[in-house]
Structure formats: C-alpha cells, structure tokens
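The values are calculated or read from the model by the stated rules, or taken from the named source; none is laboratory data. These figures come from a predicted structure and were not determined experimentally. Heads up, the Cβs are rebuilt from the backbone with ideal geometry, glycines too, and the neighbour counts pull from every protein chain shown.
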Amino acid sequence: MAVAAGTIGSLMATLDTSIVNAALPTIQGEIGASQDEGTWITTAYLVAEIIMIPLAGWMVRILGLRNFLIICGTAFTGFSMMCGLSNSLIVMVIGRLGQGFTGGALIPTALTIIATRLPPSQRSSGIAIFGLVAVLGPVIGPILGGYLTETLSWHYAFFINLPIGIGLVALVIATLPDEEKDLGLFFRADWLSVIGMTLFLGALTVVLEEGLRERWFESTFIIKLSIASAVGFIILVWGQLTAREPVIRMGIIFQRAFGSVFFLSLLVGAALYGISYMLPQFLAQLHNYNSLQSGEVTLLLAIPSVLMMGVFPLLVRKVDIRILVAAGFVFYAVGCNMNAYITQETSGQNFIVPLLVIGLGQFLALIFLNQAAASSVSEHLAEDASGLFNAARNLGGSIGLAVIKTVVQSRTWFHSEAFAGGMTRNAPNAQAYIQQQAQQQGGGDMVLGMGRAYASLNNTFQTMGTAYAYADMFWLFSIAMLLCIPFAFLLRPLPNNAEIVA
C-alpha cells in the first residue's frame, strides 16, 4: 500500500505537467492573460518541479518519508485548488509554482519507496509500475485536460486533484510508519549546492522554455538567465567539491553504470515529452484536430506499455536488461523513421502503426531503464539516484521541446522558401496556375483574384513546409535513438536468475 501511495503521488504530479496544456488557451482568456503571459502558467510549474526533484531525497532525510509525503500531498492538493479558483495570472502562477515544488517532491519519492521499502523479490514489479506511470502521464495528461475542458470546465483540470490528493494522504497515514526526523541536517546543509542547483536548473529551464519566443540570444533577458545558470552551475560544483555532507551526492553521475542511466534518461525524456508534443501540434496545425481528437491519437503510445506489462516479469528474469534497453531504442528509431516521411496529407489514422512501434520502444527503453537506475547504486544512495534520474528525464524533456520548437520553425521557413523557389523556376507553369486560380477566386475581379491566388499559394507552401519540418524532426529523433544503443551496453546487468534489483 505504501508503494500505491507513492505511485498515486507520482501519477498526480506527472499528469499536472501536461494536463493544463490542453486548457491553456481557455485559461488565458478567462484570467485575462495574453498568450506570452500565459506561457508562465506552464513554465512556473516546470521550473519549480525541476528544482525540487533532486532535492527530494535530502528533504526526506530531514523530515522522514511519512511526514514528507503528508506535507507534500496536502500542499499539492491545496495549491491545485488555488489554481482552480484563481481569477488572475498572479494567483495562477503562484499556485503553479506551489504545485511544481510539491509535485516535484512526489515523483522521485515513489521510486525511493520501491527501492528501499519493498523486498528484493518484488522490487522489479514495483519499478515497472513506476515506469508505466512515467509513460502514461505525458500521454494521458493532454487528453484528460482536453476532455475536462470540453465537457466541464478548465477548473476541473485542477479540481481533479482533490479526491486523488485526499486518497494519497490517507494511504500514507495508514501504511507508512513514522520515522525519526533529523532536523539538524537542515542547519548542516550544503547550502552552496542548494543555491547553485536552484539557480542552475531554474534559470536553464526558463531559457529552454522561453528562448524561442524571446529569439534566443537576441534577448538580454535570455542572456542574463544563461549567465545566471552558468554561475549557478559553478556554485553547485564548488559546493560538491567542498561540502562534508552534500545535499545530493552528484558524484554518482561519474560512475559508469549510473552515468549511462543519467545520459540515456536525458534522451528518453526528450523523446517521451517531445513526441507527445509534436503529434498534437502537427494534427492541430494541418488538420484542425482539437485537443481531445489529437489526444486520442497520442494515446496509441501507451497501448504497448499496458499490453506488455504481463510479460515484464518474464523478460526481466530471462533477458539481459542491456539487450532490452537497446531493443527499445531500436524500436524507437524505427517508429520515428516511419514518421520521417509524413506530408501535409498525413492524418491521425496514418500514425497508428508508427506510434505503436514507438510505444513498444518506449516501454522497453523507459521501464527497463528505471530498473537499471535502481540497480546501478547501493541502497543508501537510492534517494540521490532517484532524484537525479527523474530530474534528467524532465530536463531532457525541456531540452527536447526547445530543440523541436526551434528546428520546426527554422525548417518550416526553409522548406516553404524551397517550394516557392521551385515555382519561380517554373515560371510559365506557375503563372498559368495563378491565372487559373485568380479567375476562379476573383469573381470577375482579376486584381482581387490575383491577391487571393497568391495568398492561397503561399498558404499551401506554408502547410507543406510545416509538414516537412515535422518530418525532419522525426528523422533527427530516429538518429538520436540509434546513437543511444551503444550506451545501453554500459548499464549494469541484473542477476540472470532473479527478478530482483540489487
């Protein structure tokens, strides 16, 4: 039951990373926020979450696991209600910051419970459930948010956390024993690392989320944040080198087994959040899918994970975990490559097979990578490993989204210009086509018709360019996934004859 409590908390926090995205346009309108201002509703959550995830293990050592989960579960529920009742941008952003801090604490704590509270014979099953939550959260979030917004109101995207939060706190109280607190850790803390990590991860996340909108380094705002992030990183490194008792022992990143897990988690996070972002964007821009329709297509990614859970115990006992993770990246690459040939005619039904293949790769890569993360360090380092592993996945997601937005924008322009240039080089045919369109659309007024014909042609080029840009991004993902395969063989293998995590 303690594992159930941790898993519920992790699912609640993971869902809230993406559930608001579908309701964001509606929320912006009702609280009087512009499109640029409204992005802070998402950014505030991500910044707070990425800061808190690696610090959760330290907070558990200070307060004890039971007290920590009760505080975070109660606070997360309260901040969710604050967001649902808010009628201004300031209140909403404060609520989202609170959600991010408390939700960020719930995500790694679930893996800590599994690694430290379950008997060895049950840990792999617990880790599989945690991995399934990590897969389902980004996929289910948009469709659930879209459904609640379309059928009820955007407020329920936040109110849904009330019964879940109450259930979480009740489970924690009923199943987890009270532990001895060590409040002295707070006063002996390695505050250089805390300050450095907060500045480094917080500023970096804002740069990644707001960079494209601010035109990257053309903006003094982005330049200042980048400098702040670099300074934070230097402070963090100095704190790690000088502290007697580091808040989080980041040295495990330089161990071969966990270092490979950390690196692969960055790339899996980029793919997990990136593909879940690209599909709805593509379908909305080219085929006018609403959030619910695009969410139904994206849900295909989760089907293989649900179906494969039954064979997970057999796979973990019989097959080398390194082969399973490598196979996951192969399926990831194949599925992404299948999507590298999409055009403006590609619609939801054309994604069925590629998404099922990607979903199978997602299951193998992510869930067995969770297994590798838990087995790569000794039990007394489980809290630090869980925090770093989950932070890497979320940071990878932010990096992936920043790359996607930048590449899609630049490649859309590139392809649109290429199509326009091709028409110019075939001037006689182009002029004949434009004349024909002008006659059809002008209603006898050739000047009006020519304007409409050129606008229609430009819109066609833009649509084709957008489709090709997303195809380019899927191709890049396929290459990135193939490059991950050698790193899978640096992971620490599990015992051949046991369903355990050492």
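Where residues in the stretch 263-303 are buried (at least 22 other Cβ atoms within 10 Å of the Cβ) and of a type in the set (Phe, Trp, Tyr), which of them is modelled with the lowest pLDDT? Checked the stretch 263-303; the qualifying residue modelled with the lowest pLDDT is 273. Restricting to the stretch 147-190, what's the tally of residues that are surrounded by fewer than 18 Cβ atoms within 10 Å (Cβ to Cβ), in contact with a Leu (Cβ under 7 Å, 6 or more places away or on another chain) and either closer than 24 Å to residue 62 by Cβ or not assigned by TED's automatic domain parsing to the domain that holds residue 109 (or both)? The qualifying residues number 2. State whether one or more residues within the stretch 211-222 are closer than 20 Å to residue 24 by Cα, modelled with pLDDT under 85 and of a type in the set (A, V, I, L, M, F, W, C). For the stretch 211-222, residues closer than 20 Å to residue 24 by Cα, modelled with pLDDT under 85 and of a type in the set (A, V, I, L, M, F, W, C): present.
Checked against the criterion of being in a helix (DSSP H, G or I), within 21 Å of residue 470 (Cβ to Cβ) and not aromatic (Phe, Trp, Tyr), the stretch 259-268 has at least one qualifying residue. The single residue among 295, 232 that is touching a Gly at 6+ places or on another chain (Cβ under 9 Å) and outside the structural domain of residue 481 (by TED's automatic domain parsing) turns out to be 232.
When the stretch 336-364 is filtered for residues that are buried (at least 18 other Cβ atoms within 10 Å of the Cβ), of a type in the set (S, T, N, Q) and part of a helix (DSSP H, G or I), the ones remaining, listed by number, are 337, 339, 362. On inspection, residue 319 does not qualify as touching a residue at least 12 places away in the same chain (Cβ under 8 Å), surrounded by fewer than 17 Cβ atoms within 10 Å (Cβ to Cβ) and not charged (D, E, K, R).
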